[in-house]
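Since the structure comes first, as structure tokens, the remarks are kept for the end.
Every read-out reported here was derived from the displayed coordinates using simple, explicitly stated rules and does not represent laboratory data. Bear in mind the structure is a predicted one, so any value in this text is a computation, not a measurement. Neighbour counts run over all protein chains shown; Cβ positions are idealised from the backbone, glycine included.
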Amino acid sequence: MTPDDVVPLHLADVTYPESHPLAGTDGPVLSFAIRHPEGIVLVDTGIGEGNAWIDENYQPRRREIRDALAAAGLAAGTVRRIVNTHLHFDHCGQNRAFAGVPIVVQRAELEAGRDESNPIRDWVDFPGARYEPVDGDREVIDGVSVLATPGHTVGHQSVTVRTGDGLVLIVGQAAQDARSFATGEADASVQRLRSLNADRIYFSHDRAVLRRRK
Ligand SMILES: [Zn+2]
């Protein structure tokens, strides 16, 4: 794999509601397709359909993940694995499009996502959902690993991809954006991710990409 085998997919834009720290601003929702020799590994799946509260409060302008894959020249039928950084509505919403595909998520996150109080529980659990809960760090397929980075949620995880030309890091939402990751106050998870010195760094809600000077 090369760093270009990590392909960002822009799956939605939202407008943050009054109750949100980013109230009134628009923000992107990204997922990532990793072109692995054994098939595609998807990191997050964007926003789902049919939740009136989310539609009203976030006004999502959605894109179907299968369309986004096709536009990037990737076949949805070759998705071998899904990794959810966490189970918020804008990260697992289209898991349902991949019945039967193993989904790697931290065990603590899955327990919270399956709680009866979760308004999008049907986006987490659906016919054909096949979760592979993990505890902590794990290589999920050769060269692709999850790293437990709790903070934003109890079971948040980030993803690293080892390539022939350096390390690619998908932060997820362990940091909100590139600037806060690079220069903001760092909790233990961000400190850990910074210490990886990755060559290319992606975020769930910022289209900016950090690149290490060589
Ligand atoms: Zn998010």
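Residues of region 200-214 that are over 12 Å from A182 (Cβ atoms) and free of Cβ contacts under 8 Å to residues at least 40 places away in the same chain: R213, K214.
Restricting R162, R213 to those that are in contact with a Gly (Cβ under 8 Å, 6 or more places away or on another chain), farther than 15 Å from Q106 by Cβ and surrounded by fewer than 14 Cβ atoms within 10 Å (Cβ to Cβ) reduces the list to R162. So for region 66-80 (the condition being within 23 Å of T153 (Cβ to Cβ) and of a type outside the set (S, T, Y)), does at least one residue qualify? Looking for residues that are within 23 Å of T153 (Cβ to Cβ) and of a type outside the set (S, T, Y), one finds none in region 66-80, hence no. Filtered by the rule that a residue be within 25 Å of R66 (Cα to Cα) and exposed (fewer than 15 other Cβ atoms within 10 Å of the Cβ), region 126-154 gives F126, P127, G128, R130, P133, D142. Answer yes or no: is there a residue in region 182-200 that is among the β-branched types (V, I, T), surrounded by fewer than 17 Cβ atoms within 10 Å (Cβ to Cβ) and within 16 Å of the ligand (Cβ to nearest atom). Among the residues of region 182-200, not one is among the β-branched types (V, I, T), surrounded by fewer than 17 Cβ atoms within 10 Å (Cβ to Cβ) and within 16 Å of the ligand (Cβ to nearest atom), which makes the answer no. Within region 113-127, the set of residues being touching a Gly at 6+ places or on another chain (Cβ under 9 Å) and free of Cβ contacts under 8 Å to residues at least 40 places away in the same chain comprises G113, R121, D122, V124, D125. Listed by first and then second residue, the pairs linking a residue in region 128-153 that is touching a residue at least 12 places away in the same chain (Cβ under 8 Å) and closer than 26 Å to D187 by Cα to a residue that is outside any strand (DSSP E or B) and β-branched (V, I, T), with Cβ atoms under 9 Å apart and 6 or more places separating them unless they lie on different chains, are V146/T85; T149/T85; T149/V171; T149/V190; G151/V190; H152/T85; T153/T85.
Among the residues making up region 115-138, those that are part of a helix (DSSP H, G or I) and within 16 Å of the ligand (Cβ to nearest atom) are W123, V124. Scanning region 158-178 for residues that are within 15 Å of A198 (Cβ to Cβ) and within 16 Å of the ligand (Cβ to nearest atom) yields S158, V159, I170, V171, G172, A174, A175, A178.
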